[in-house]
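J.: One structure coming up, written as structure tokens, with questions to follow.
Bear in mind that the values in this text are calculations on the coordinates, not laboratory data. Just so you know, these numbers come straight off a predicted model, no measurement behind them. Don't worry about glycine lacking a Cβ; one is built from the backbone with ideal geometry, like all the others, and counts go over all protein chains shown.
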Amino acid sequence: MHEAEQTLWEKDWTSRQDFVDNLARILSPIHGYRKQSGLDLLDATAAQRAEAFLRTINQWEETKL
């Protein structure tokens, strides 16, 4: 995921903030990221980072069970 994130940010630096916002909503759906501390974002799993990445590039599809 790290390489994919870096590639995206090299193409469009503003997408980094969108990625952080998406990741924060995944980690804390009710509160999101309050820009007080980014430490919680460091603990995100690869799956959470992948979802945030796909949401950032508008490729995430919700699955219905």
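J.: How far apart, in nanometres, would the label points at ILE57 and GLU3 be if each is projected 7 angstrom from Cα along the Cα-to-Cβ direction?
T.: Placing both labels 7 Å beyond Cα along the Cβ direction yields 1.3 nm.
J.: Additional query: Could you list LEU54, LEU8 in order of exposure, starting from the residue whose Cβ has the fewest other Cβ atoms within 10 Å?
T.: LEU54, LEU8
J.: Quick one: order ASP43, ASP18 by neighbouring beta-carbon count within 10 Å, fewest to most.
T.: Numbers: ASP43 8, ASP18 16.
Least crowded to most crowded, the residues run ASP43, ASP18.
J.: Order by neighbour count: THR14, THR63, THR45, fewest other Cβ atoms within 10 Å first, most last.
T.: THR63, THR14, THR45
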